[in-house]
Amino acid sequence: MTRSATFCVPHDCWIAMNQLSLLKLASKRKQAIPDAIAGLEFLQELQLSSNLLVSLPDSIGLLLNMKILDVSNNKLKALPDSISHCSSLLELNASYNELTYLPTNIGYELVNLQKLWIYLNKLRSLPASICEMRSLRLLDAHFNELRGLPYAIGKLTNLEYLNLSSNFSDLKVLPPTFGDLINLVELDVSNNRIHALPDSFGRLDSLSKLNLDQNPLVFPPIEVVNQGVEAVKLYMSKRWMDILLLEEKENNQVMENPQSSIGWLTRSTSWLNNFVAGVSGSVAEYLGGGEKSYRDPCLDQQL
């Protein structure tokens, strides 16, 4: 008697398999994985890359000890919501599939995840919950259709490597919280449509490798970009300081002349609106006076 037609193993062998910590079924041209996989309660690593999988069983969420999951190079159009229950997961590779979205709550439960590869998919946005993956050190989302990042992306303070390259005409702006990625070492945003780096960019003290190629950048200008990452950080730091000094100056003027408080408040509110939008007033003019309020692209996620 067999427990699964896919694995084709006798019952006594299945009992032995239940003790497995590694299961590798890569390049086997499998079209499905049986629900019985949930019985591998001690499984820590599951390799399913380079098959013909169009879906994963919901029972995969019962693999509570799984630390590494590789489902890259398949035909997956979505990940099951139950994958969020794999709370021990440290590495997830779902690259080179046909994903159009990630499970909404994926970040709320995968709080131990350290590496996430989702490149070469069709993702238009990332769920806001991804900002709760506080252990995340690597995020590779290049070659997608991303239109932006969640507003709270700056909460990923342990992130060291971020690749957002080749989202082409879709990715035009980075959120103002971007400067809170204090441990970011390597950033690639090449081949996008970014006109201006966020004003907080100069706070990325750990950044040592930066690729801004093939973007219509205005801030910083191309001559600064060509001087390298340290020149970019210096330029954006000075820009940030200029904004803060201007704000302080206007604040002092209010203290000296209370009659101007209403006018100052109006100007300050206008500045804050521009700041939240991630670009300065001059960049807004360059862009043709687009929307001044920031809209989290996750609100437009296609479910």
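Summary table below
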| quantity | calculated |
| --- | --- |
| Region 53-76: number of residues that are closer than 24 Å to Arg29 by Cα, part of a loop (DSSP other than H, G, I, E, B) and in contact with a helix residue (DSSP H, G or I) (Cβ under 9 Å, 6 or more places away or on another chain) | 4 |
| Residues (polar (S, T, N, Q) and either over 14 Å from Asn93 (Cα atoms) or touching a helix residue (DSSP H, G or I) at 6+ places or on another chain (Cβ under 6 Å) (or both)) located in region 35-50 | Gln44 |
| Test result for Tyr119, within 17 Å of Ala26 (Cβ to Cβ) and either in the same structural domain as Arg29 (by TED's automatic domain parsing) or touching a helix residue (DSSP H, G or I) at 6+ places or on another chain (Cβ under 6 Å) (or both) | no |
| Only listed residue being under 15 Å from the mean Cα position of the chain (by Cα), assigned by TED's automatic domain parsing to the domain that holds Asn73 and modelled with pLDDT under 95, chosen from Asp170, Asp180, Asp140 | Asp170 |
| Which listed residue, of Leu149, Leu79, is in the same structural domain as Gly39 (by TED's automatic domain parsing), in a loop (DSSP other than H, G, I, E, B) and more than 11 Å from the chain's Cα centre (by Cα) | Leu79 |
| Residue within region 15-25 that is at pLDDT 95 or above, of a type outside the set (Gly, Ala, Ser) and either assigned to a loop (DSSP other than H, G, I, E, B) or in contact with a Leu (Cβ under 8 Å, 6 or more places away or on another chain) (or both) present | no |
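Yes or no, residue by residue, for (1) of a type in the set (Ser, Thr, Tyr); (2) part of a loop (DSSP other than H, G, I, E, B); (3) buried (at least 20 other Cβ atoms within 10 Å of the Cβ); (4) touching a residue at least 12 places away in the same chain (Cβ under 8 Å):
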{"position": "Val111", "(1), (2), (3), (4)": "no, yes, no, yes"}
{"position": "Arg124", "(1), (2), (3), (4)": "no, yes, no, yes"}
{"position": "Asn144", "(1), (2), (3), (4)": "no, yes, yes, yes"}
{"position": "Leu174", "(1), (2), (3), (4)": "no, yes, yes, yes"}
{"position": "Phe178", "(1), (2), (3), (4)": "no, no, yes, yes"}
{"position": "Leu187", "(1), (2), (3), (4)": "no, no, yes, yes"}
{"position": "Ile194", "(1), (2), (3), (4)": "no, yes, yes, yes"}
{"position": "Ser200", "(1), (2), (3), (4)": "yes, no, yes, yes"}
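The values are calculated or read from the model by the stated rules, or taken from the named source; none is laboratory data. Being a predicted model, the structure only gives us computed values, none of them experimental. FYI the Cβ positions are ideal-geometry reconstructions off the backbone, even for glycines, and counts take in every protein chain you see.
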